[in-house]
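J.: Could you have a look at this structure, given as structure tokens, before my questions?
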């Protein structure tokens with residue numbers, strides 16, 4: 001068991017734990033916070049407790065996610081496109097605000113626990129990014145689990161990365177400025193891409209942004225348990241595994257994913273964090289993956305990379321998507337815009 005624990009889990013990350021200060025305090029009793037709580041109870045907690053098979057629940061969840069991008073107007077053009085590299089094709093779409101610069105590009109990798117989500121479901125974020133930054137934003141529809149392996153999503157993002165370096169919304173053309181950005185599972189893939197590009201001599205991004213990013217697939221962050229009651233979005237996902245010992249969970253993860261949980265290809269915090277592009281992470285101090293961001297930024301800074309964490313109190317996982325309910329969503333997106341502007345990504 002000790003060998004299995006070492007082989008699957010790797011070194012302890014406790015040395016990177018910090019009592020991280022909250023950057024922005026928010027009111028948990030605001031009208032927006034109450035509206036989001038009601039939404040999460042209706043769309044996450046209630047469906048998780050209902051009947052039906054796991055696949056039926058997954059299909060219903062995918063439909064709910066898609067509806068977020070289909071039932072409102074966004075004020076930007078959404079242009080379908082296909083990233084093609086080395087014979088591989090990854091469909092997706094551009095979000096293009098009026099006057100968006102086609103040579104300043106953001107590769108946006110959507111979240112959804114690697115099982116749900118698409119370019120359509122995350123139009124709230126991609127449209128806001130294009131409007132606020134003046135950049136062209138491409139969101140790839142990477143392959144999802146359980147129909148595909150976990151590594152399929154990594155491969156698709158690599159193809160999309162190589163493609164966007166040489167292709168914009170108007171066709172072939174080298175990128176001028178590039179950011180890679182994603183939320184939750186997409187934040188994990190974003191951070192994985194940063195290390196992959198460095199190690200494979202692919203043109204590095206000028207900026208990296210992760211929103212509520214999962215950085216450790218060994219699942220050892222203290223906040224996973226400490227913030228369980230305050231994270232209504234991730235509760236249904238995490239509840240079934242809360243009582244499983246971490247070494248056993250690591251073994252189960254390996255047997256399912258066919259890759260060791262400690263491998264940086266799925267746990268970017270466990271990789272070499274030196275020589276990375278300027279990185280900004282956003283996380284709520286009351287969500288379960290908060291310490292994933294704390295540990296990543298602490299290790300990246302110790303490794304000599306430019307990394308920063310901005311935290312908000314009393315907000316849900318990936319609150320940026322609730323732009324019609326939460327002023328804090330726009331505040332966070334404005335902070336991202338300012339950061340990207342510092343890296344030359346604001347038109």
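J.: Please find, within region 312-323, the residue that is farthest from residue 67 (Cα to Cα) out of those that are touching a helix residue (DSSP H, G or I) at 6+ places or on another chain (Cβ under 8 Å) and assigned to a loop (DSSP other than H, G, I, E, B).
T.: Applying the filter and picking the extreme gives 314.
J.: Please count how many residues of region 223-275 are in a loop (DSSP other than H, G, I, E, B) and at pLDDT 75 or above.
T.: Number of matching residues: 22.
Let's see how each residue does on (1) buried (at least 22 other Cβ atoms within 10 Å of the Cβ); (2) at pLDDT below 95; (3) part of a strand (DSSP E or B); (4) in contact with a strand residue (DSSP E or B) (Cβ under 7 Å, 6 or more places away or on another chain):
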position: 79; (1), (2), (3), (4): no, no, yes, yes
position: 89; (1), (2), (3), (4): no, no, yes, yes
position: 92; (1), (2), (3), (4): yes, no, yes, yes
position: 99; (1), (2), (3), (4): no, no, no, no
position: 103; (1), (2), (3), (4): no, no, yes, yes
position: 108; (1), (2), (3), (4): yes, no, yes, yes
position: 117; (1), (2), (3), (4): yes, no, no, no
position: 121; (1), (2), (3), (4): yes, no, no, no
position: 124; (1), (2), (3), (4): no, no, no, no
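J.: Quick check, is residue 18 under 30 Å from residue 302 (Cα atoms), assigned to a strand (DSSP E or B) and touching a residue at least 60 places away in the same chain (Cβ under 8 Å)?
T.: no
J.: Same structure, new question: Whether any residue in region 66-73 is part of a strand (DSSP E or B), over 17 Å from residue 334 (Cβ atoms) and in contact with a helix residue (DSSP H, G or I) (Cβ under 9 Å, 6 or more places away or on another chain) is what I want to check.
T.: no
J.: Can you spot a residue in region 28-49 that is assigned to a loop (DSSP other than H, G, I, E, B), in contact with a helix residue (DSSP H, G or I) (Cβ under 8 Å, 6 or more places away or on another chain) and at pLDDT 85 or above?
T.: There is no residue in region 28-49 that is assigned to a loop (DSSP other than H, G, I, E, B), in contact with a helix residue (DSSP H, G or I) (Cβ under 8 Å, 6 or more places away or on another chain) and at pLDDT 85 or above.
J.: Those residues that are in contact with a strand residue (DSSP E or B) (Cβ under 7 Å, 6 or more places away or on another chain) and more than 22 Å from residue 134 (Cβ to Cβ), I need them from region 318-341; list them, please.
T.: Answer for region 318-341, where residues must be in contact with a strand residue (DSSP E or B) (Cβ under 7 Å, 6 or more places away or on another chain) and more than 22 Å from residue 134 (Cβ to Cβ): 318, 319, 328.
J.: Moving to a separate point now. Of the residues 333, 309, 280, only one is assigned to a helix (DSSP H, G or I) and either touching a residue at least 40 places away in the same chain (Cβ under 8 Å) or more than 17 Å from residue 190 (Cβ to Cβ) (or both); which?
T.: Residue meeting the stated conditions: 333.
J.: Suppose we keep only residues that are out of contact with any helix residue (DSSP H, G or I) (no Cβ under 8 Å at 6 or more places or on another chain) and outside any helix (DSSP H, G or I) within region 172-198. Which one would you say is surrounded by the most Cβ atoms within 10 Å (Cβ to Cβ)?
T.: 184
The values are calculated or read from the model by the stated rules, or taken from the named source; none is laboratory data. Nothing here was measured: the structure is a model prediction, and the numbers come from that model. Note that each Cβ is placed from the backbone with ideal geometry, even for glycine, and that neighbours are counted across all protein chains shown.
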